[in-house]
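Q: What follows is a single structure, and I will ask about it in a moment.
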Amino acid sequence: MMSKFKARALFLCALVALSAWFGATVAEAAPLPTPTEKPILTISGKIKVTNKGDTAEFDRPMLEAMGLETFTTSTPWYSGPTKFEGIPIAKILDRLGASGEHLMVIALNDYSSDIPVADVRKYKVLFALKVNGEYMSVRDKGPIFIIYPFDSDPDLQHQTYYGRSVWQVSKIVVK
């Protein structure tokens with residue numbers, strides 16, 4: 001039978017080991033690199049990881065390095081099902097240690113929309129960089145278009161979600 005002293009020592013060792021492990025997993029994430037090209041997206045607000053003051057700036061290669069995903073969906077802006085390729089917004093928020101509940105999305109023309117973070121997690125909303133395999137120019141809703149997978153859920157085929165699909169995205173404030 002184990003003595004109280006040995007049991008307590010074993011418990012403390014386990015506690016120290018768990019503390020070290022949790023500390024390593026909660027420790028600040030790896031630094032965000034600095035863009036090598038012109039930044040196309042700036043994220044600020046309730047984020048922990050930055051690369052320029054209290055903001056996180058991304059150029060296209062930085063975004064693409066996070067891993068592109070694709071889905072095809074119908075939209076009010078394109079005829080027929082359209083293929084979109086981009087980065088899940090939730091993946092970027094996780095990388096930045098974002099803690100807010102809303103995203104204030106601001107376009108190049110100062111149009112803005114509020115998107116609940118719950119949306120981007122539930123529906124796998126993309127920062128789309130490509131449409132039908134081609135990069136989007138500013139003239140064609142680029143360089144970043146927030147797109148929901150409208151065909152995946154009938155509830156998404158509503159003006160509320162169409163209004164959250166901001167194109168020419170340039171800034172995000174996590175609130």
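The values are calculated or read from the model by the stated rules, or taken from the named source; none is laboratory data. Values in this document were obtained by computation on a predicted structure and should not be read as measured data. FYI the Cβ positions are ideal-geometry reconstructions off the backbone, even for glycines, and counts take in every protein chain you see.
Q: For region 51-88, how many residues meet the condition of being touching a residue at least 40 places away in the same chain (Cβ under 8 Å) and either under 13 Å from the mean Cα position of the chain (by Cα) or more than 15 Å from residue 144 (Cβ to Cβ) (or both)? Can you show your working first?
A: First, the residues of region 51-88 that are touching a residue at least 40 places away in the same chain (Cβ under 8 Å): 56, 60, 63-64, 68-69, 71-78, 81-87.
Among the residues that remain, those that are also either under 13 Å from the mean Cα position of the chain (by Cα) or more than 15 Å from residue 144 (Cβ to Cβ) (or both) are: 56, 63-64, 68-69, 71-76, 78, 81-83, 86-87.
Summing the residues that are touching a residue at least 40 places away in the same chain (Cβ under 8 Å) and either under 13 Å from the mean Cα position of the chain (by Cα) or more than 15 Å from residue 144 (Cβ to Cβ) (or both) in region 51-88 gives 17.
Q: Give me the pairs: first residue in region 142-170 and among the acidic types (Asp, Glu), second residue loosely packed, with under 15 Cβ neighbours inside 10 Å, beta-carbon distance under 6 Å, and six or more apart or on different chains, which are they?
A: Qualifying pairs under 6 Å: 151/74.
Q: Give me the strands (runs of 3 or more DSSP E) completely within region 99-175, filtered to those with at least 3 residues that are out of contact with any Phe, Trp or Tyr (no Cβ under 9 Å at 6 or more places or on another chain), ordered by residue number. Lay out the reasoning, then the answer.
A: Details: elements: 102-107, 112-116, 126-131, 145-147, 169-174.
It comes to 102-107, 112-116, 169-174.
Q: Tell me which residues, restricted to region 92-105, are surrounded by fewer than 19 Cβ atoms within 10 Å (Cβ to Cβ) and closer than 25 Å to residue 158 by Cα.
A: 100, 101, 102, 104
Q: If you don't mind, another one. Of 37, 57, 64, which residue is modelled with pLDDT of 95 or more, farther than 20 Å from residue 119 by Cα, touching an Asp or Glu at 6+ places or on another chain (Cβ under 6 Å) and not hydroxyl-bearing (Ser, Thr, Tyr)?
A: Details: 57 fails: touching an Asp or Glu at 6+ places or on another chain (Cβ under 6 Å); 64 fails: touching an Asp or Glu at 6+ places or on another chain (Cβ under 6 Å).
Going through 37, 57, 64 in turn, the sole match is 37.
Q: For residue 171, indicate whether it is touching a Pro at 6+ places or on another chain (Cβ under 6 Å) and surrounded by fewer than 19 Cβ atoms within 10 Å (Cβ to Cβ). Full working, then the answer.
A: Numbers: touching a Pro at 6+ places or on another chain (Cβ under 6 Å): no; surrounded by fewer than 19 Cβ atoms within 10 Å (Cβ to Cβ): yes.
Judged against the criteria, residue 171 is not a match.
Q: What number of residues within region 143-163 satisfy the criterion of being under 25 Å from residue 64 (Cβ atoms) and either modelled with pLDDT under 95 or polar (S, T, N, Q) (or both)?
A: 1
Q: Can you tell me which residue is farthest from residue 43 (Cα to Cα) among those in region 106-123 that are surrounded by fewer than 14 Cβ atoms within 10 Å (Cβ to Cβ) and not acidic (Asp, Glu)?
A: Going residue by residue through region 106-123, those that are surrounded by fewer than 14 Cβ atoms within 10 Å (Cβ to Cβ) are 109-112, 114, 116, 118, 122.
Keeping just the survivors that are not acidic (Asp, Glu) gives 109, 111-112, 116, 118, 122.
Numbers: 109: 17, 111: 16, 112: 14, 116: 15, 118: 18, 122: 21 Å.
The residue in question is 122.
Q: Given the structure, is residue 151 in contact with a strand residue (DSSP E or B) (Cβ under 7 Å, 6 or more places away or on another chain), assigned by TED's automatic domain parsing to the domain that holds residue 89 and surrounded by fewer than 21 Cβ atoms within 10 Å (Cβ to Cβ)?
A: Numbers: in contact with a strand residue (DSSP E or B) (Cβ under 7 Å, 6 or more places away or on another chain): yes; assigned by TED's automatic domain parsing to the domain that holds residue 89: yes; surrounded by fewer than 21 Cβ atoms within 10 Å (Cβ to Cβ): yes.
The answer is yes for residue 151.
Q: Going through region 66-87 one residue at a time, which ones are surrounded by 15 or more Cβ atoms within 10 Å (Cβ to Cβ) and either of a type in the set (A, V, I, L, M) or assigned to a loop (DSSP other than H, G, I, E, B) (or both)?
A: Within region 66-87, 66, 68, 75, 78, 87 meet the criteria.
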